[in-house]
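Participant: Can you read through this structure? Questions will come right after.
The values are calculated or read from the model by the stated rules, or taken from the named source; none is laboratory data. As the structure is a prediction and not an experimental result, all values here were calculated from the model. Neighbour counts run over all protein chains shown; Cβ positions are idealised from the backbone, glycine included. Side chains included, ligands, DNA and RNA excluded: accessible areas come from the protein's heavy atoms. Shrake-Rupley method; radii C 1.70, N 1.55, O 1.52, S 1.80 Å.
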Amino acid sequence: MIKLQGIKKTYRIGDIEVKALKGVDVDIDSGEFVAIMGPSGSGKSTLLHLMGLLDIPDEGQYILAGMNTANMPGEKLAAIRNEVLGFVFQMFNLLSRISARDNAALPLVYASKASKNKSSAPEELLSKVGLSDRAAHMPNELSGGQQQRVALARALIRNPRVILADEPTGNLDSASSAEIMKILSDLNKTGITIVMVTHEDEIAAYAGRKITLKDGLIVSDVKKSGEVKKLNAEMPLPELKFHKLLTLGRVRNYFYQAVRALLSNKSRSFLSALGVLIGVASVITMLALGTGARKDVEKNLASLGSNLLTVRPGHRRGGIASESAPTRFDEADVKVIRKIKGVKNVTGIVSGRAQIVYGSKNWNTRITGVEPPYEAMQESYADAGRFFTAAETLARPKIAILGKTVVKNLFGDENPIGKKVKINRVSFTVVGTLPSKGATGWRDKDDEILIPLNTAMYRLLGKQYVDYIDVQGETAEGLSALQNELKRVLIRLHSLPEDKEDAIDIRNMAEIQEAMTATMKTFSWLLGSIAFISMLVGGIGIMNIMLVSVTERTREIGLRKAIGANDKDILFQFVIESIVICLTGGVMGILFGFSVSMVLAHFAGWSMSVSLFSILLAFFFSAATGLAFGIWPAHKAAALNPIEALRYE
Ligand code: ADP
């Protein structure tokens, strides 16, 4: 069954070489019960680990059940550990978070589908070791002897040919030891080969053969006469099947384990997911804000009059005020522009803020002085009362048209038409109200009062010039030609030298739209980088916690490898765990971001719009973060040496 020839194993710690095995030959037949003895440090465990395929010899040959194990790929070794071997350890190595039954069933996770039917039922095995009433108990609710019996059930679940036991009674009192040894003896009688490391003669007495090691060499090998049974020595082994890497069942199992691991450490899991939570929440909120703002801008642009050009003094150049004071425009300019061919409507515009009072009510709002063409240009037809007339403009009448927000704040449900209000202590008569234009981004377009341009300039704001001039072209096609013509005329009119031509700033609404689109793009990039940074920070947090988790669970990893997990199984288990943490954070972040958006929309009145796209994006990114930042810790876990992992304290 087990054939070792000329096995040598040397450990190196720095420059020091420890020759643990110096050339061991052993031949163990099927059905034997062998005790390996010897002083501490003689190489017993090393030999057992080599037999268990947890380690590879430096020299020599190992033939297990007729298979030469040299140069076998890791997956195949793992499959042999799962199907042919069963391990029992001194420290039991049960997983503390799962029940006795689940511990016993653990090797089934790594069983190939084709070979599953050769497994026993965990319940059946637990009753065989006398624990049928303890199946649902957690390991810490069991005595040492009971835990070792669970470990025996785990070793037996795949109906192994060989059980390898490393000091199985080392941590047990004598009564429990006797029970365990009784079970092992009974198993041996059914034909299972048992190799057991022990340093106690009493325990070794159960075995039919005693091999003694000293300084890495076999110094004696004694068989009890007549004890060796060649039960099923020549029985061929079933063909080994590699388990498929990711079956649905295995993913479900990893997922289930990941959730268990998270729940067993709730506050830590929450804190580690917090980075991702905050990142996702801020992304959702900001995307909602961005989408809302963009919708507003689009609506706003659509509501602006068509074919509009805005003429305003250019910006100061280089900041030297005296030399490059901006050009001012006044009514003379408006008059000249009105005569240019291709111009449909023109209005000079001034604006400022003012306090408006009606009765005991008081409101601070934007005052805009406009000329009558404004009505048609901005489609601001008064929805109650009337607009100004051309005749009124010259007389500087004290009349006003109120936006909806102003009406609501000063008049409530009262009809404002014909009422007198005080604007900066000057009495005005309300002649009309404006149609509702809605909020655009941060600015409420209904929070406005229109008054005649001349009244605004000379009676209220004390300005001798207009702030800007809105020009409406006849056609959209002629707009850029008109723009050039306006510039040419105004440069001549103001006798500006050629190099001062940027003293006049003429904007086309289409250009503004382009500028806004560009701003939106910048905004999106900004959001993207915020998302990236917060995910990076969140991801580093996750990576950190995963590294801690790998360290904490080193023994578990060693055990899983011993019972048949290969490197990729371990890798996937930890990657899935990391993805689960990130997704948990991501889902909480989506909910949180959604609530924040709703609250902002409700109380601050901002336009917010949470899109399905942003939710999917957040979901995808949290999963991707889990994957990206989980891989390294998972890789570290997968690369652990099973023996060192099992020894880890
Ligand atoms: P035993 O089980 O008989 O006590 P071991 O097989 O554990 O002996 O160890 C044999 C020798 O190899 C000892 O000197 C031990 O210190 C050394 N050894 C075992 N494992 C390692 C290791 N991973 N690294 C370095 N030396 C080791």
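Participant: Return the FRET efficiency for the residue pair Val259, Asp58: r is the Cβ-Cβ distance, R0 is 60 Å, and the value is rounded to the nearest 0.05.
Facilitator: 0.90
Participant: If R0 is 45 Å, what FRET efficiency do you get for Ser174 and Ala70 from their C-beta distance, rounded to 0.05?
Facilitator: Result of the calculation: an efficiency of 0.60.
Participant: Ok, one more. So if I average 1/r over every pair of distinct C-alpha atoms in segment 39-92 and take the inverse, what Kirkwood radius in Å does that give?
Facilitator: 12.2
Participant: Roll a 1.4 angstrom probe over the protein heavy atoms and tell me the percent of accessible area of segment 327-495 that is carbon or sulfur.
Facilitator: With neighbouring chains kept in place, the figure for segment 327-495 is 50 percent.
Participant: Compute the length gained on full extension between Ser220 and Ser185: take 0.36 nm times their separation in residues and subtract their Cα-Cα distance, giving the result in nm to one decimal.
Facilitator: Gain in length upon complete extension: 10.4 nm.
Participant: What does the extension gain come out to for Asp25 and Tyr648, with contour length at 0.36 nm per residue minus their alpha carbon separation?
Facilitator: Net length gain for the segment: 221.3 nm.
Participant: Ok, one more. Which one of Met516, Gln573, Ile533 has its Cα pushed farthest toward the positive end of the charge dipole of segment 499-609, where Lys and Arg give +1 and Asp and Glu give -1 at the Cβ?
Facilitator: Most positive-ward Cα: Gln573.
Participant: Which whole-percent values make up P(r) of segment 1-108 when all C-alpha to C-alpha distances are grouped in 10 Å steps starting at zero?
Facilitator: 12, 39, 33, 14, 1
Participant: May I have the pair-distance distribution P(r) for segment 2-244, computed from all Cα-Cα distances with 10 Å bins from 0 and rounded to whole percent?
Facilitator: The calculated distribution, bin by bin, is 7, 31, 37, 21, 3, 0.
Participant: Now, a different point. Straight-line reach only, C-alpha to C-alpha below 19 angstrom: list the lysines that Lys223 could link to, leaving out same-chain residues fewer than 8 apart.
Facilitator: Lys3, Lys44, Lys189, Lys210, Lys214
Participant: I need the Kirkwood Rh of segment 593-649: take the reciprocal of the average 1/r across all distinct C-alpha pairs and report it in angstrom.
Facilitator: 15.0
Participant: Quick one: grab the alpha carbon gyration tensor of the chain, order the square roots of its eigenvalues as a ≥ b ≥ c, and give me rounded if a/c is under 1.5, else prolate or oblate depending on whether a/b is larger than b/c.
Facilitator: Verdict is prolate for the chain.
Participant: Could you check the simple spin-label distance between Gln464 and Leu394, using points 7 Å along Cα→Cβ, in nm with one decimal?
Facilitator: Going from the Gln464 label point to the Leu394 one covers 2.3 nm.
Participant: Got a number for carbon plus sulfur as a percent of segment 2-244's accessible area, 1.4 Å probe?
Facilitator: Of the solvent-accessible surface of segment 2-244, carbon and sulfur hold 50 percent.
Participant: Pick out, from Ile542, Ser360, Asn171, the residue whose Cα sits farthest towards the positive end of the charge dipole of the chain, with +1 on the Cβ of Lys and Arg and -1 on the Cβ of Asp and Glu.
Facilitator: With unit charges placed on the Cβ atoms, the residue in question is Ser360.
Participant: Averaging over every viewing direction, what projected area does the convex hull of the Cα atoms of segment 327-495 cover, in nm²?
Facilitator: Its Cα hull, projected and averaged over all orientations, spans 10.4 nm².
Participant: For n ≥ 4 DSSP H runs only, could you compute -39500 (n - 2.57) per run for the chain, divide by its residues and tell me the 222 nm figure to the nearest 500?
Facilitator: Estimated from H runs of four or more residues: -14000 deg cm²/dmol.
Participant: Please give the contour-minus-distance gain from Met598 to Ala639: 0.36 nm per residue of separation, less the Cα-Cα distance, rounded to one decimal in nm.
Facilitator: Result for the pair: 10.1 nm of gain on full extension.
Participant: Relative contact order for segment 2-244: what is it in percent, counting Cα pairs under 8 Å that are at least 6 residues apart?
Facilitator: Over segment 2-244, the number comes to 31 percent.
Participant: Tell me which residues come under 5 Å, amide H to amide H, from Asp447 once H is placed; ignore anything under 5 positions away on its chain.
Facilitator: Thr405
Participant: Would any residue of segment 329-351 have its amide N under 16 Å from a label point 7 Å out along Cα→Cβ of Ser306? List them or say none.
Facilitator: Within reach of a label on Ser306, which here means backbone N under 16 Å from a point 7 Å along Cα→Cβ, segment 329-351 contributes 344-345.
Participant: Rounding to the nearest 20 debye, state how big the charge dipole of the chain is about its Cα centre with +1 on each Lys and Arg Cβ and -1 on each Asp and Glu Cβ.
Facilitator: 1200
Participant: Let me know the longest stretch in the chain that avoids all chymotrypsin sites (Phe, Trp or Tyr not before Pro) found in a DSSP loop with at most 12 other C-beta atoms within 10 Å.
Facilitator: No qualifying site falls inside 1-380, the longest such stretch.
Participant: Any idea what the alpha-carbon Rg over 2.2 N^0.38 Å comes to for segment 559-621?
Facilitator: 1.77
Participant: Of the DSSP beta bridges with both residues in the chain, give the percent that are antiparallel, rounding to the nearest 5.
Facilitator: Within the chain, antiparallel bridges account for around 70 percent of the total.
Participant: Show me, for segment 202-208, the HN-Hα J-couplings you get by feeding each phi into the Karplus relation (A = 6.51, B = -1.76, C = 1.60, θ = phi - 60°), rounded to Hz, glycine and proline as x.
Facilitator: Along segment 202-208, the couplings run 4, 6, 4, 5, 5, 7, x Hz.
Participant: Per residue, how large is the accessible surface of segment 75-200? Use a 1.4 angstrom probe and give square angstrom.
Facilitator: Accessible area per residue, segment 75-200: 35 Å².
Participant: Here's something else I'd like to know. Okay, which of segment 571-594 sit inside 17 Å, backbone N to the point 7 Å along the Cα-Cβ direction of Phe270?
Facilitator: 581-593
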